[in-house]
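Chemist: First the structure, then my questions, so here it is.
The values are calculated or read from the model by the stated rules, or taken from the named source; none is laboratory data. As the structure is a computational prediction, the values presented were derived from the model and not from experiment. Here the Cβ positions follow ideal geometry from the backbone for every residue, glycine too, while neighbour counts run over all protein chains shown.
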Amino acid sequence: MELKKVYTCFCTDVIHEGHINIINNAKKYGEVIVGVLSDAAMIRYNQFPTVSFEERLQIVKNIEGVSQVVIQKEVLYDETIEKLRPDYVIHGDNWDGESMTAIRRNILNNLQKYGGELIEIPYTFNDNVRRIDARMREKLMMPEFRRKRLKQLLSMRPIVKAIEVHSGLTGLIAEKTVVEHNNEFDQFDAMWISSLCDSTAKGKPDIELVDMTSRCRTIDDVMEVTTKPIIFDGDTGGLTEHFVYLVRTLERMGVSAIIVEDKTGLKKNSLFGTEVEQTQDSVENFSAKIAAGKAVQLTEDFMIIARIESLILERGMEDALIRARAFRDAGADGIMIHSRKKDPAEILEFCDRFREEDKKTPIVVVPTSFHSVTEDELAGHGVNIVIYANQLTRSAFPAMEQTARDILKYHRAEEVDSRLMPIAQILTLIDEL
Ligand code: SPV
Ligand code: MG
C-alpha cells in the first residue's frame with residue numbers, strides 16, 4: 001500500500017521542540033514532506049531570516065523523520081498543494097490574527113479540491129519556545145544585522161517600501177502591520193525617520209531646528225522596539241566637517257542609510273517648493289560632502305543617498321541629471337529624486353533617463369504629492385525604494401484633533417468613545433518582556 005503524504009511548511013531559522021512535535025505527529029499519518037518558505041515570501045509576512053536560505057534548507061533536511069524537503073515559494077499554499085497533492089497538511093492551531101486566518105482558509109480551500117485533510121495540533125508555546133523566538137528578534141535588532149538589511153532587501157524585493165516613523169509607537173506599526181489582500185501578503189520593509197514628522201511630533205518647524213542629539217534619541221526609541229532597517233532623513237547633513245561624525249554615529253547605531261539633500265543654508269521643507277527661499281548647494285560642494293561621508297564609513301553596509309532638489313526648485317531636468325551623475329561619481333550609494341507635482345510625469349522621466357545610462361544605482365522616491373502612482377509603476381521605471389514619508393503623522397493628527405474638539409463640545413467623552421481603541425487593547429498593545 002502506498003504511504004500517505006503529510007505536508008507541513010516551516011518558516012523559521014531555528015528548529016525547536018514545537019517543530020519536532022509537528023514532525024512526530026505527522027509521522028503517525030505517513031511520509032513527512034516539509035516545505036521551507038522562501039526568503040522572498042518570508043519577508044512579506046514574517047520577520048527577516050537570520051540565516052541564509054541554504055542553511056534553513058539544511059537544518060530541515062537534518063531533522064529525523066523528514067523524508068522530503070521542498071521549497072514553498074509563496075506564503076499561500078496553492079502551488080505547493082497542487083504540485084504535491086498531500087493527503088494531509090499538518091499545522092499548529094495558532095490561527096490568531098488576520099494573516100493566520102487567511103492562511104488557514106487558503107489551506108482548506110486547496111485541500112477541499114481533492115479531499116485532502118487539515119490536521120491541527122496544539123501549538124507548543126512554553127517559556128523555552130518563547131525564549132528562542134525572542135532571541136531571533138533580538139539578533140535582528142543588533143546593529144550588525146539591522147544595518148546590512150537594507151542592501152539585502154534591495155536585492156530581494158522588486159521595490160523596497162519604507163514608512164515614516166517618529167516614535168516607538170509608530171515604529172511598532174511599521175514593524176507589525178501585515179496585510180493579506182487579493183491572496184497576497186505584504187508588510188513594510190523599512191522605516192523612514194522623517195525630519196518633517198520628527199520635528200512635527202515635537203511641535204517644531206522642519207528647519208533643522210531639532211538637533212542631531214534629539215534626532216538620534218528618536219532613532220533609539222524606534223530601534224528599541226523594532227527590527228526593520230532604518231533610513232534616516234539627514235536634511236542637508238550640515239557642514240561637511242560635522243557630517244562625517246554623523247555618518248559614523250549612524251553607522252555605529254545600526255542605521256542602514258542616510259539621505260542628504262543638496263541644499264544649503266536655512267533648509268525649509270521641500271514641499272514648500274519655490275514659495276519660500278531655498279538655496280541649492282553647488283555640485284562641487286555637495287559632491288565633496290558625499291565623498292567625505294563615504295571616506296569615513298567603516299562598513300560595506302551603510303548607504304549614503306544623495307537627494308536632488310532640482311525639480312523642487314524648478315531648475316530643470318538637465319540639472320537634476322547632471323547632479324545625479326556627479327553625486328553618484330562622488331560615491332553616493334543611491335539617488336533620491338523629489339518633486340512636488342501632483343503628476344508623476346517628471347519623476348518618471350527622470351527615472352527613465354537616469355536608467356538609460358545607469359542600470360544599477362538605486363533610485364529612491366517619495367510620492368507624497370504624486371500619490372496616484374503605484375509601486376508597480378515606479379518599479380517599472382527603475383525605482384528601488386519608495387518612501388511613504390508622512391502618512392502616519394497626517395492620519396493621526398486630524399483624528400486626535402477631532403477627539404479634542406468633540407470632548408470640548410459635549411463636555412464628556414462618551415461621544416468619542418466608539419471610535420477609540422478599546423482600553424483592553426491599549427493595555428495589551430505593547431508586549432512586556
Ligand atoms: C521628510 O519626510 O522630512 C522629507 C520628505 O524630507 S519631504 O517632506 O517631502 O521633503
Ligand atoms: Mg525631511
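Chemist: If you scan the stretch 340-380, which residues turn out to be crowded, with 19+ Cβ neighbours inside 10 Å, in contact with a strand residue (DSSP E or B) (Cβ under 8 Å, 6 or more places away or on another chain) and free of Cβ contacts under 8 Å to residues at least 40 places away in the same chain?
Modeler: Correct list: I347, F350, C351, F354, T361, I363, V365, V366, P367.
Chemist: Counting only residues that are surrounded by 15 or more Cβ atoms within 10 Å (Cβ to Cβ) and either touching a helix residue (DSSP H, G or I) at 6+ places or on another chain (Cβ under 9 Å) or assigned to a loop (DSSP other than H, G, I, E, B) (or both), how many does the stretch 133-151 have?
Modeler: The qualifying residues number 9.
Chemist: While we're here: Within the stretch 204-226, how many residues turn out to be in a loop (DSSP other than H, G, I, E, B), away from ligand 1 (no atom under 15 Å from the Cβ) and either touching a strand residue (DSSP E or B) at 6+ places or on another chain (Cβ under 6 Å) or over 25 Å from K294 (Cα atoms) (or both)?
Modeler: 1
Chemist: Given the conditions (1) surrounded by fewer than 18 Cβ atoms within 10 Å (Cβ to Cβ); (2) more than 24 Å from the chain's Cα centre (by Cα); (3) over 18 Å from R135 (Cβ atoms), which single one is not true for E54?
Modeler: Among (1) surrounded by fewer than 18 Cβ atoms within 10 Å (Cβ to Cβ); (2) more than 24 Å from the chain's Cα centre (by Cα); (3) over 18 Å from R135 (Cβ atoms), the lone unmet condition for E54 is (2).
Chemist: Can you find, within the stretch 201-240, the residue that is nearest to D262 (Cα to Cα) among those that are touching a residue at least 12 places away in the same chain (Cβ under 8 Å), of a type in the set (S, T, N, Q) and more than 14 Å from ligand 2 (Cβ to nearest atom)?
Modeler: So, considering only residues that are touching a residue at least 12 places away in the same chain (Cβ under 8 Å), of a type in the set (S, T, N, Q) and more than 14 Å from ligand 2 (Cβ to nearest atom), the one nearest to D262 (Cα to Cα) is T240.
Chemist: What number of residues in the stretch 403-421 are outside any helix (DSSP H, G or I) and loosely packed, with under 10 Cβ neighbours inside 10 Å?
Modeler: We begin by selecting, within the stretch 403-421, every residue outside any helix (DSSP H, G or I); these are 411-413, 418-421.
Now narrow it down to the ones that are loosely packed, with under 10 Cβ neighbours inside 10 Å: 411, 418, 421.
The number of residues fulfilling the criteria is 3.
Chemist: Here's something else I'd like to know. For F243, are the conditions met, namely being within 16 Å of ligand 2 (Cβ to nearest atom), crowded, with 16+ Cβ neighbours inside 10 Å and among the aromatic types (F, W, Y)? Break it down into steps so the answer makes sense when it comes.
Modeler: Values: within 16 Å of ligand 2 (Cβ to nearest atom): yes; crowded, with 16+ Cβ neighbours inside 10 Å: yes; among the aromatic types (F, W, Y): yes.
So F243 passes the test.
Chemist: For the subset of the stretch 246-274 comprising residues that are part of a helix (DSSP H, G or I) and more than 25 Å from Q152 (Cα to Cα), which member is farthest from ligand 2 (Cβ to nearest atom)? Steps first, please.
Modeler: Step one: of the stretch 246-274, the residues part of a helix (DSSP H, G or I) are 246-253, 270-274.
Restricting the remaining residues to those that are more than 25 Å from Q152 (Cα to Cα) gives 270-274.
Working: S270: 7, L271: 9, F272: 12, G273: 14, T274: 17 Å.
The residue in question is T274.
Chemist: Would you call K263 within 16 Å of ligand 1 (Cβ to nearest atom), modelled with pLDDT under 95 and surrounded by 18 or more Cβ atoms within 10 Å (Cβ to Cβ)? Talk me through it step by step, then tell me what you get.
Modeler: Numbers: within 16 Å of ligand 1 (Cβ to nearest atom): yes; modelled with pLDDT under 95: no; surrounded by 18 or more Cβ atoms within 10 Å (Cβ to Cβ): yes.
Criteria not met by K263.
Chemist: Is it the case that some residue within the stretch 372-388 is more than 17 Å from V160 (Cα to Cα) and of a type outside the set (D, E)?
Modeler: yes
Chemist: Any idea which residue in the stretch 104-126 is surrounded by the fewest Cβ atoms within 10 Å (Cβ to Cβ), counting only those that are assigned to a helix (DSSP H, G or I) and without any contact (Cβ under 8 Å) to a residue 60 or more places away in the chain? Step through it out loud before you land on a result.
Modeler: The first filter runs over the stretch 104-126 and keeps only residues assigned to a helix (DSSP H, G or I), leaving 104-112.
From what's left, without any contact (Cβ under 8 Å) to a residue 60 or more places away in the chain: 104-105, 107-112.
Details: R104: 16, R105: 13, I107: 22, L108: 14, N109: 13, N110: 21, L111: 20, Q112: 11.
Top of the filtered list is Q112.
Chemist: Here's a follow-up. Let me confirm something: among A201, A190, which residue is farther than 16 Å from G293 by Cα, of a type in the set (A, V, I, L, M, F, W, C), within 15 Å of ligand 1 (Cβ to nearest atom) and surrounded by fewer than 21 Cβ atoms within 10 Å (Cβ to Cβ)? Quick ask: steps written out before the conclusion?
Modeler: Details: A190 fails: surrounded by fewer than 21 Cβ atoms within 10 Å (Cβ to Cβ).
Step by step, each of A201, A190 is checked, and only A201 is farther than 16 Å from G293 by Cα, of a type in the set (A, V, I, L, M, F, W, C), within 15 Å of ligand 1 (Cβ to nearest atom) and surrounded by fewer than 21 Cβ atoms within 10 Å (Cβ to Cβ).
Chemist: Follow-up. Among the residues of the stretch 1-18, which ones are at pLDDT 95 or above and either of a type in the set (S, T, Y) or over 18 Å from T80 (Cα atoms) (or both)?
Modeler: Residues of the stretch 1-18 that are at pLDDT 95 or above, as a first pass: 4-9.
Y7, T8, listed by residue number.
Chemist: Do we have I430 as modelled with pLDDT under 95 and within 20 Å of the chain's Cα centre (by Cα) here?
Modeler: Details: modelled with pLDDT under 95: yes; within 20 Å of the chain's Cα centre (by Cα): yes.
Yes.
Chemist: Let me ask something else. Cβ-Cβ under 9 Å, sequence separation 6+ or interchain: first residue in the stretch 286-304 and without any contact (Cβ under 8 Å) to a residue 60 or more places away in the chain, partner outside any helix (DSSP H, G or I) and surrounded by fewer than 16 Cβ atoms within 10 Å (Cβ to Cβ). Which pairs?
Modeler: Here the result reads K289/L239, each pair linking the stretch 286-304 to a residue that is outside any helix (DSSP H, G or I) and surrounded by fewer than 16 Cβ atoms within 10 Å (Cβ to Cβ).
Chemist: Quickly run through the stretch 308-324 and pick out the residues that are out of contact with any Gly (no Cβ under 8 Å at 6 or more places or on another chain) and in contact (Cβ under 8 Å) with a residue 12 or more places away in the chain. Don't jump to the end; show me each part of the working.
Modeler: If we filter the stretch 308-324 for residues that are out of contact with any Gly (no Cβ under 8 Å at 6 or more places or on another chain), which is where we start, we get 308-309, 311, 315-324.
Residues satisfying the conditions are I308, E309, L311, R315, M317, A320, L321, I322, R323, A324.
Chemist: Confirm whether E277 is farther than 28 Å from M142 by Cβ and either in a loop (DSSP other than H, G, I, E, B) or out of contact with any Gly (no Cβ under 9 Å at 6 or more places or on another chain) (or both). Quick ask: steps written out before the conclusion?
Modeler: Working: farther than 28 Å from M142 by Cβ: yes; either in a loop (DSSP other than H, G, I, E, B) or out of contact with any Gly (no Cβ under 9 Å at 6 or more places or on another chain) (or both): yes.
It is true that E277 is farther than 28 Å from M142 by Cβ and either in a loop (DSSP other than H, G, I, E, B) or out of contact with any Gly (no Cβ under 9 Å at 6 or more places or on another chain) (or both).
Chemist: Same structure, new question: Out of the residues in the stretch 352-385 that are within 16 Å of ligand 2 (Cβ to nearest atom) and in contact with a helix residue (DSSP H, G or I) (Cβ under 8 Å, 6 or more places away or on another chain), state the one that is farthest from K151 (Cα to Cα). Please lay out each step first, then the result.
Modeler: Narrowing the stretch 352-385 to residues within 16 Å of ligand 2 (Cβ to nearest atom): 364-369, 385.
The next check asks that each one be in contact with a helix residue (DSSP H, G or I) (Cβ under 8 Å, 6 or more places away or on another chain); those that pass are 365, 367-369, 385.
On the way: V365: 17, P367: 21, T368: 24, S369: 27, I385: 11 Å.
Taking the candidates together, the pick is S369.
Chemist: Further, regarding this structure: Does the stretch 381-402 hold any residues that are in contact with a strand residue (DSSP E or B) (Cβ under 9 Å, 6 or more places away or on another chain) and either exposed (fewer than 11 other Cβ atoms within 10 Å of the Cβ) or assigned to a loop (DSSP other than H, G, I, E, B) (or both), and which are they?
Modeler: Of everything in the stretch 381-402, those that are in contact with a strand residue (DSSP E or B) (Cβ under 9 Å, 6 or more places away or on another chain) and either exposed (fewer than 11 other Cβ atoms within 10 Å of the Cβ) or assigned to a loop (DSSP other than H, G, I, E, B) (or both) turn out to be H381, G382, V383, N384, A389, N390.
Chemist: Looking only at the stretch 280-321, count every residue that is away from ligand 1 (no atom under 16 Å from the Cβ), part of a loop (DSSP other than H, G, I, E, B) and among the hydrophobic types (A, V, I, L, M, F, W, C) and tell me the total.
Modeler: Result for the stretch 280-321: 2.
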